[in-house]
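Everything on this sheet refers to the single structure shown next.
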Amino acid sequence: MRNKVDELTDIIDARTTELSEVYRALSLLEDDLRDWQLRHANLIAAARAALMADAEGEDDPWSYLLDELPALPPGHPLNAHRRGRS
């Protein structure tokens, strides 16, 4: 027959395992958030660079922004613009 201490120990062990899993999930979410924050910051910087390049009369001011965007799927109409770039 199990005593109360053994039962409580089992409950504590189970909760500790659950908390460890929650902590791992939160850590992954934190990493994802950092990645998205960096992507956002890079897009903002690229947009500002594109605006400045346009104001200064550069030939291809959008290149700053296009370089930060994810790759387009094959056949996408904007790929024609990217092909023209070096």
Query raised in the report: Of the numbered conditions (1) at pLDDT 95 or above; (2) out of contact with any helix residue (DSSP H, G or I) (no Cβ under 6 Å at 6 or more places or on another chain); (3) not in a loop (DSSP other than H, G, I, E, B); (4) not basic (K, R), A46 satisfies every one except a single condition; which is it?
Result: (2)
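With without any contact (Cβ under 8 Å) to a residue 24 or more places away in the chain and either surrounded by 13 or more Cβ atoms within 10 Å (Cβ to Cβ) or of a type in the set (F, W, Y) (or both) as the only criterion, which of D35, D67 stands out?
Details: D35 fails: either surrounded by 13 or more Cβ atoms within 10 Å (Cβ to Cβ) or of a type in the set (F, W, Y) (or both).
None of the other options fit; the residue is D67.
The values are calculated or read from the model by the stated rules, or taken from the named source; none is laboratory data. Note that the structure is predicted; figures quoted are calculated from it, not measured. With ideal geometry, Cβ positions are generated from the backbone for all residues, glycine too; neighbour counts draw on all protein chains shown.
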